[in-house]
Each structure stands twice: as C-alpha cells, then as structure tokens.
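Novice: Shown below is the structure under consideration.
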Amino acid sequence: MSLERELHKRSGSVCELSGETENLKVYEVPKSPGTGMDSHILISQVCLEQIEDPEKVDANHWRCLNDSMWSEVPAVQVMAWRMLHRLKSEGWPQDLLDMLYLDEDMAAWANATGDGDDKENAIKHLDANGALLQAGDSVVLIKDLDVKGANFTAKRGTPVRNISLVHDNAEHIEGRANGQHIVILTKFVKKT
C-alpha cells in the first residue's frame, strides 16, 4: 500500500490539521526522527501554503488546531505545536500551548526547526549602526580602544574578522586584534 493511501486511511481522507477534504497533499514533517507514516501527515493545500510561506498565514484558519492538537498521531501534534508557536503573538494560541503536552522526544522533534525559540526576547548583537551581528562576521573598529591587560591601543579602522558572540551579553563580542584575543563593545564596531 502506498504512503498516500495509508495516510488517507489513517486520516479518513481529511486534512489532519484543518479537517478540510479538498486538495489533500502528503507532507513530510521536517526534522522527523522516524520514517514512513510516522514522519508524514495528510494536509490541505491551504495549510501547506501557510506552513511554507509565513507571509500567507491567516491566524483564523489555524483555530482548527484547537481540535487537531489532540490527535494521537505524533507528527500531527508536532505540527500543531509548531504552528501554535508561530502564531502565539495572537494571544489565543498561547492558551492552547499551555494545554498541549509533548513528551521529551516529541518536544525535541517539535523544537528541531526553531519554531519554539523565543525570537523576540533573544539576545541580539547590534553594531553602532544597528546592523545585526552574527558569529563569523567581520567588523571594523570605529574608535581607538585601549585594550586592558594587553598594553596596546586598537586603532580606529582595525578589522576584526570571524567574531564570536558573547551569548549572555548583547553588548559584547570577541575577536582578534593585533594578534590578541579581545572582548569588544558592540557600540564601537561597524559590520563590514
């Protein structure tokens, strides 16, 4: 029996997220630890488009998760959790998330795509111009800096390549200047 037929049988030929019966597609849930039916769900074209293109998300469409989140199919629960996390700024999804329980393995699978990361409260390292800095970026000093403990001054215009971010402080990055490993305040650098 083909995977699609097995999914139609499991779901009763309805979208496992929204309950729609038209334009059903087989969808492989990203980062699945399993294979076959365990890693796939049957979803409508409308759901598929909104999952793949965040710009098309209609929060009211996803009120269907109030029912589908209780599915006994782990892949359905994982996708319900991911969509609720994407929509939690709407208010009502947070109430559903508070009720949804995922065991440790399913929670790891659900988090594997980063949908559960709290991006709003994440530490962001910004340069003097407000540009987002990421590990591995190159920056240039915009001011002469006295380097404590190394007895030299890092001159304005000095390039610092392959920076690393201090994970718990948005104002600090690390890099090498004049052969020395130093900590630099982000307000004194410009991304190149």
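The values are calculated or read from the model by the stated rules, or taken from the named source; none is laboratory data. In this text the structure is predicted, and so the values were computed from the model without any measurement. Please note: Cβ atoms are built from the backbone with ideal geometry, for glycine as well, and neighbour counts cover all protein chains shown. All accessible areas refer to the heavy atoms of the entire protein, side chains included, with ligands and DNA or RNA removed. Shrake-Rupley method; radii C 1.70, N 1.55, O 1.52, S 1.80 Å.
Novice: When both residues are 6+ apart or on different chains and their Cβ atoms are under 8 Å apart, which pairs have a first residue that lies in the range 82-109 and is closer than 23 Å to residue 40 by Cβ, and a second that is of a type in the set (Ser, Thr, Tyr) and not in a helix (DSSP H, G or I)?
Specialist: Going by the 8 Å Cβ cut-off, the qualifying pairs are 82/113; 109/32.
Novice: Looking at 162, 178, which is the one that is in contact (Cβ under 8 Å) with a residue 24 or more places away in the chain, exposed (fewer than 15 other Cβ atoms within 10 Å of the Cβ) and either more than 20 Å from residue 125 (Cα to Cα) or in contact with a helix residue (DSSP H, G or I) (Cβ under 6 Å, 6 or more places away or on another chain) (or both)?
Specialist: 178
Yes/no per residue for (1) farther than 22 Å from residue 57 by Cβ; (2) not in a loop (DSSP other than H, G, I, E, B); (3) not hydrophobic (A, V, I, L, M, F, W, C):
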| residue | (1), (2), (3) |
| --- | --- |
| 150 | yes, no, no |
| 167 | yes, no, yes |
| 175 | yes, yes, yes |
| 183 | yes, yes, no |
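Novice: Give the number of residues within the range 17-50 that are of a type in the set (Asp, Glu) and farther than 22 Å from residue 114 by Cα.
Specialist: Start the filter on the range 17-50 by keeping residues that are of a type in the set (Asp, Glu), which leaves 20, 22, 28, 38, 49.
Applying the additional criterion that residues be farther than 22 Å from residue 114 by Cα yields 20, 22.
So the count comes out to 2.
Novice: Considering the range 11-43 alone, what residues qualify as being β-branched (Val, Ile, Thr) and either outside any strand (DSSP E or B) or open to solvent by less than 50 Å² (accessible area, probe 1.4 Å) (or both)?
Specialist: 14, 21, 29, 35, 41, 43 - these are the residues of the range 11-43 that are β-branched (Val, Ile, Thr) and either outside any strand (DSSP E or B) or open to solvent by less than 50 Å² (accessible area, probe 1.4 Å) (or both).
Novice: Could you tell me which residue of the range 106-121 is modelled with the lowest pLDDT, considering only residues that are surrounded by 13 or more Cβ atoms within 10 Å (Cβ to Cβ) and assigned to a loop (DSSP other than H, G, I, E, B)?
Specialist: Filtering first and then ranking leaves 116.
Novice: When the residues of the range 47-74 are narrowed to those that are free of Cβ contacts under 8 Å to residues at least 24 places away in the same chain and assigned to a loop (DSSP other than H, G, I, E, B), which ends up surrounded by the fewest Cβ atoms within 10 Å (Cβ to Cβ)?
Specialist: If we take residues in the range 47-74 being free of Cβ contacts under 8 Å to residues at least 24 places away in the same chain and assigned to a loop (DSSP other than H, G, I, E, B), then 72 is surrounded by the fewest Cβ atoms within 10 Å (Cβ to Cβ).
Novice: Can you tell me which residue in the range 144-159 is most open to solvent (accessible area, probe 1.4 Å), limited to those that are within 15 Å of residue 191 (Cβ to Cβ) and over 33 Å from the mean Cα position of the chain (by Cα)?
Specialist: 157
Novice: Is there a residue in the range 122-142 that is over 16 Å from residue 186 (Cβ atoms), modelled with pLDDT under 85 and not basic (Lys, Arg)?
Specialist: No: zero hits.
Novice: Criterion first (under 30 Å from residue 88 (Cβ atoms), open to solvent by 60 Å² or more (accessible area, probe 1.4 Å), under 29 Å from the mean Cα position of the chain (by Cα) and among the hydrophobic types (A, V, I, L, M, F, W, C)) does residue 135 satisfy it?
Specialist: The answer is yes for residue 135.
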